[in-house]
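Working notes, beginning with the structure itself.
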Amino acid sequence: MAWALVPAAPRLISALGLRRLVLSRPVHISLFITCYNDTLFPRTGRAVVAVLERLGHTIEFRQAQTCCGQMHYNTGYQAEAMPLMRHFLEVFRDDETICIPSSSCVAMIRDHYPKMAAASGDSAVARAVEKLLPRIFEFSELLVDKLGVIDVGAFFPHSVTLHPSCHSLRSLHLGDKPERLLKQVRGLTLIDLPEATECCGFGGTFAIKNVEVSAAMLSDKLRCVLGTRAEVCTAADNSCLMHIWGGLSRQRTGVRCLHLAEILASTEAGEVS
Amino acid sequence: MSAKQDIIDRIRNATGGSSITSEIEYESINRHYRQAGILDPAARIELFADRLADYGSPVYRCAESEIAPTIAGILTERSKTGLLVPRDLPRIWLPDGFYFFRESPDYHELDSSEGVLTDCALAIAATGTIVLRHAPGEVSRALSLIPDYHLCIVFPSQIVETVPEGIRQMASFSTLPITTISGPSATSDIEMTRIKGVHGPRTLEVILVT
Amino acid sequence: MSVRVGEAATAPEFPVAAKKLVSNAQIRQNVRRATDIIRNKRARVVEEVDDWEQLRRAGHEIKEHVLRHLDFYLQQFEAACTRAGGVVHWASDAAEANRIIVDLIRAHEATEVIKVKTMTSDEIRLNPALQAAGITPYETDLADLIVQLGEDQPSHIVVPALHRNRMEIRRIFSEKMNLPELGYEPEDLTAAARAYLREKFLRVPIAISGGNFAIAETGSVCVVESEGNGRMCLSLPRVLITLIGIEKIIPKFRDLEVFLQLLPRSATGERMNPYNSIWTGVSPGSGPREFHVVLLDNGRTNVLADDFSRETLDCIRCGACLNACPVYRQTGGHAYGSVYAGPIGAILTPQLQAMQHSQSLPYASSLCGACYEVCPVKINIPEILVHLRGRVVEEGHAPIVERLAMKAAGYALETPERLSLAQKAARIAQIPFTHDGVIRRLPGMLAGWTAVRDLAPIPKQSFREWWAKRQKEPRL
């Protein structure tokens, strides 16, 4: 518990150059990594763990977790999403604080679980959803709203541009939270992304079902990202980043895509490996 | 089955409706938007004038006793010899030395006229809107439409601030034909370039009585 | 009832139509430019209204109230309109509406009509029906005229010719109006339209209009416009025929105070559009001597029957969702195969046709939510899109490969053990496609992804594996 710096020691924190690092009590946080982060972006999960542990909090990872059901639900397979929701409710039944490093999965839960619960006709499920909603936090919400911290002690000496993903923007209304977190990162140069609020064209199965339109949207996004000349493009969603990176890589641009958590996890000692 | 009965039945099947409405439900609609203005009369008049300026409509201000000479000045400046007027427009507003014909029912005559002079029923400051009421003797729809030039007299007491206030006044003569005019006829159909004057009067000018 | 929505029943699927349009640089540029301008104008005039959210809420609630009591309000409208000297007709579908209108025109032995912009008439394909009956319709809205003379289809609800630039319009007008010397400036083109149409306004004795709002309490109709062609059509001819979808009813005159604030700011980015005409039946000594209203169902009751997506009928046709939509902005309106394009078209067109056609439209969206954000009556379009996708799947219209893939994925995601197995299997399966640490080509459904994007291979260790390993290690 070396990092469990409590409010009683703000002077010490300041003296150590760790001002505003931790001013809250240690919180026990259950991590819902999401199925695609688990599979495709485990590094994001390791970064989330690194940031939260550095701030003195403890992490729980429930191995029984799988998927929120978003892909099925949004593609029209609502019946298939139902058991995934029930499973989610069961796994996270007792957790007080649940961190989800993916805006679109948080949006799935907040926007659609209540309707799915109503459609299930099962009042126990409806109650479980109602109880769940105040306990889930997207990663930047967790830091800023729940833990009250914007300076997480990160160091990242690169130029970065932020793509505010559609779910961050219009469903979660994250506002400037990701930006505020990034602005506290030492060494980081944040460059405004032109036409930032435009969708990158991912949209889950949309990217496959409507390849041409998705590609056209992506090319507009890439033009804006490349226009910033930033070394790194970040977002609160790896789904968008997977899409944007796919285009950047195909064009051999050398621009990297990193989840917000991975930048916040970086220190003088280096990035999350 | 008649189409009417068919449609009504389908609606009832869809909604479970039963041909009654609930006045209470209608009254419970949330209307937390602004119902009334907050500006004092002088500011309200200025807002109206600003909005008209935004539409590119010139505003002439004058005292009530100066309406006739103001009109004479405008007509002289515009090289017009006269205008058409609705039947009941007060004679006292019309200057000597120009013709003022009562409305003609012939569309082609309206089309070849030099313009039209009218008053209005009310005006809305927030949107720069002039409201015409087409009662017999007042300006007809054709008269306010076909001529290429429209000069309109607005009194300060006729100006309300907000759209809800305006609609409430309009409701008192809602069975008469009503036209609201906010700036001159316009289109943006070609490359979103705003062009003033398509089919309605290409020039709208306002005399604002002070 | 046989619903017809333009040519939507036989239109190509969205991805097929979109593919062609996306590769047309001219259309993309025209659409982008036009939607950028309206979006910016809208944002400016919406920002200055401090009670915008309250207005949206009221608009939504009024519309929802009407839909719950639509049978009542339609009959109230009919009674009030009839009292004021109007004649109300009811049409179950497109064919019936066309027949009513053609018969009315024939009764007056007319061979020409002037028309003021009505999307509903495009929906029922009124112009071809008129022409087949020997009646010539003249579109009088400038954009509609461009579309009609160009033998084209509308591509936007509010600005139907936004896919055309001035050079194209000049060519169309010059040919069809026989004006070889016509200039290229929008002013020249507008003046040409004015001269071309004025003769018709003053001569043609019958007009056909749509209606933005039909007021049940008074039997009045309100038409919102900019150019004055609406006023011409509504007040000069002897006979006026107004075609209105049954969802256009509002309860009381006072409700205009909400919609006449929401509509112009959302549609054209104006505080108020230049002209609104409100009339009730016929008025002695002024305007048309004969007034007919045709109330059209044509599938609207299909929409009404689905509790979840009923609010589709709240739409006031402002077009804000089109301008905001990143998909529409890439393709323009023609990709949607319907007179109703963009996000609202993607939910309205298939529902009108009872989900029998246009099943690709609910998928023509990345669900980014920009449409819902700007909708003046708060139609939750992304939610309805997802709901309609559900209906497509439920009714068995989804591709078999996709159904199998989704079933398999659902199975794999049901337990962590199966998920771990699937992760391991995928890691092995990707080996043949991975070169220098990047996947550049995938087979089957996933080929769409790698057509334009790379994919990073699945890392060797999943998060859950890393965590399990870490838990076993002794920690400081």
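The values are calculated or read from the model by the stated rules, or taken from the named source; none is laboratory data. Computed from a prediction, not measured in an experiment: that's the story for all the values here. So basically every Cβ, Gly included, is an ideal-geometry build from the backbone, and we count neighbours across all protein chains shown.
Observations, loosely collected:
- Test: residue in the stretch C:456-471 that is assigned to a loop (DSSP other than H, G, I, E, B) and more than 11 Å from chain A (Cβ to nearest Cβ): no
- Criterion violated by B:E114 - all others in (1) away from every other protein chain (no Cβ under 13 Å); (2) modelled with pLDDT under 95 satisfied: (2)
- Listed by position, the helices (runs of 4 or more DSSP H) contained in the stretch A:203-254 that have at least 3 residues being crowded, with 18+ Cβ neighbours inside 10 Å and in contact (Cβ under 8 Å) with a residue 40 or more places away in the chain are A:211-228, A:238-250.
- The condition of being loosely packed, with under 12 Cβ neighbours inside 10 Å and assigned to a helix (DSSP H, G or I) does not hold for B:I71.
- Within the set A:G247, A:G254, A:G270, A:G227, the sole residue that is within 11 Å of chain C (Cβ to nearest Cβ), more than 15 Å from A:L182 (Cα to Cα) and either of a type in the set (G, A, S) or within 13 Å of the chain's Cα centre (by Cα) (or both) turns out to be A:G247.
- For C:N212, the test of being of a type in the set (S, T, N, Q), in the same structural domain as C:Y275 (by TED's automatic domain parsing) and surrounded by fewer than 17 Cβ atoms within 10 Å (Cβ to Cβ) is failed.
- Hits in the stretch B:43-58 (condition: surrounded by fewer than 16 Cβ atoms within 10 Å (Cβ to Cβ) and touching a helix residue (DSSP H, G or I) at 6+ places or on another chain (Cβ under 9 Å)): B:P58
- Members of the stretch A:43-61 found to be in contact with an Asp or Glu (Cβ under 8 Å, 6 or more places away or on another chain) and in a helix (DSSP H, G or I), listed by number: A:R43, A:T44, A:G45, A:A47
- Candidate set from the stretch A:142-194 (those that are more than 14 Å from chain C (Cβ to nearest Cβ) and hydroxyl-bearing (S, T, Y)); member that is surrounded by the most Cβ atoms within 10 Å (Cβ to Cβ): A:T161
- Criterion (more than 30 Å from C:L361 (Cβ to Cβ) and under 17 Å from the mean Cα position of the chain (by Cα)) met by exactly one of A:L132, A:L89, A:L147: A:L147
- Filter result (surrounded by 16 or more Cβ atoms within 10 Å (Cβ to Cβ) and closer than 21 Å to A:T66 by Cα) within the stretch C:438-460: C:P457, C:I458, C:P459
- Scanning the stretch C:271-300 for residues that are facing another protein chain (nearest Cβ under 7 Å) and at positive phi gives C:G285, C:G287.
- C:I250 being at the interface with chain B (Cβ under 9 Å from one of its Cβ atoms) and touching a Lys or Arg at 6+ places or on another chain (Cβ under 9 Å): no
- When residues of the stretch C:4-31 are limited to those that are among the polar types (S, T, N, Q) and farther than 20 Å from C:A143 by Cβ, the one nearest to the other protein chains (Cβ to nearest Cβ): C:S23
- All positions within the stretch B:122-141 that are of a type in the set (A, V, I, L, M) and either assigned to a strand (DSSP E or B) or crowded, with 24+ Cβ neighbours inside 10 Å (or both): B:L122, B:A123, B:I124, B:A125, B:A126, B:I130, B:V131, B:L132, B:V139
- Residues that are more than 10 Å from chain B (Cβ to nearest Cβ) and in contact (Cβ under 8 Å) with a residue 40 or more places away in the chain, drawn from the stretch C:138-155: C:Y138, C:Q153, C:P154, C:S155
- Identity of the residue in the stretch C:281-335, among the basic types (K, R), in contact (Cβ under 8 Å) with a residue 60 or more places away in the chain and not in a loop (DSSP other than H, G, I, E, B), that ends up surrounded by the most Cβ atoms within 10 Å (Cβ to Cβ): C:R329
- A count restricted to the stretch C:136-156 and to residues that are surrounded by 24 or more Cβ atoms within 10 Å (Cβ to Cβ) and either among the β-branched types (V, I, T) or farther than 21 Å from C:A267 by Cβ (or both) stands at 2.
- Of the candidates B:L204, B:L151, the single residue that is more than 10 Å from chain C (Cβ to nearest Cβ), of a type in the set (A, V, I, L, M, F, W, C), part of a strand (DSSP E or B) and buried (at least 23 other Cβ atoms within 10 Å of the Cβ) is B:L151.
Rundown of residues vs (1) within 14 Å of chain C (Cβ to nearest Cβ); (2) closer than 27 Å to B:E138 by Cα, yes/no style:
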site: B:A3; (1), (2): yes, no
site: B:I8; (1), (2): yes, no
site: B:A36; (1), (2): yes, no
site: B:D40; (1), (2): no, no
site: B:V59; (1), (2): no, yes
site: B:C62; (1), (2): no, yes
site: B:P69; (1), (2): no, yes
site: B:L83; (1), (2): no, yes
site: B:P86; (1), (2): yes, yes
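- Each residue in the stretch C:395-440 was checked for being charged (D, E, K, R) and under 42 Å from the mean Cα position of the chain (by Cα), and 6 pass.
- Any hit, the stretch B:174-193, residues being more than 8 Å from chain C (Cβ to nearest Cβ), at pLDDT 95 or above, part of a loop (DSSP other than H, G, I, E, B) and over 12 Å from the mean Cα position of the chain (by Cα): no
- Where B:E64 falls short, out of the listed (1) charged (D, E, K, R); (2) without any contact (Cβ under 8 Å) to a residue 12 or more places away in the chain; (3) surrounded by fewer than 13 Cβ atoms within 10 Å (Cβ to Cβ): (2)
- Strands (runs of 3 or more DSSP E) within the stretch C:49-142 that include 2 or more residues under 30 Å from B:G197 (Cα atoms): C:112-115, C:136-139
- Residues located in the stretch A:54-99, provided they are within 13 Å of chain C (Cβ to nearest Cβ) and of a type in the set (A, V, I, L, M): A:I59, A:A64, A:M71, A:A79, A:A81, A:M82, A:L84, A:M85, A:V91
- Within the stretch C:392-405, if we keep just the residues that are charged (D, E, K, R) and touching a residue at least 40 places away in the same chain (Cβ under 8 Å), the residue that is nearest to the other protein chains (Cβ to nearest Cβ) turns out to be C:E402.
- When B:T127 is tested against (1) at pLDDT below 95; (2) in contact with a Pro (Cβ under 9 Å, 6 or more places away or on another chain), exactly one condition is not met: (1).
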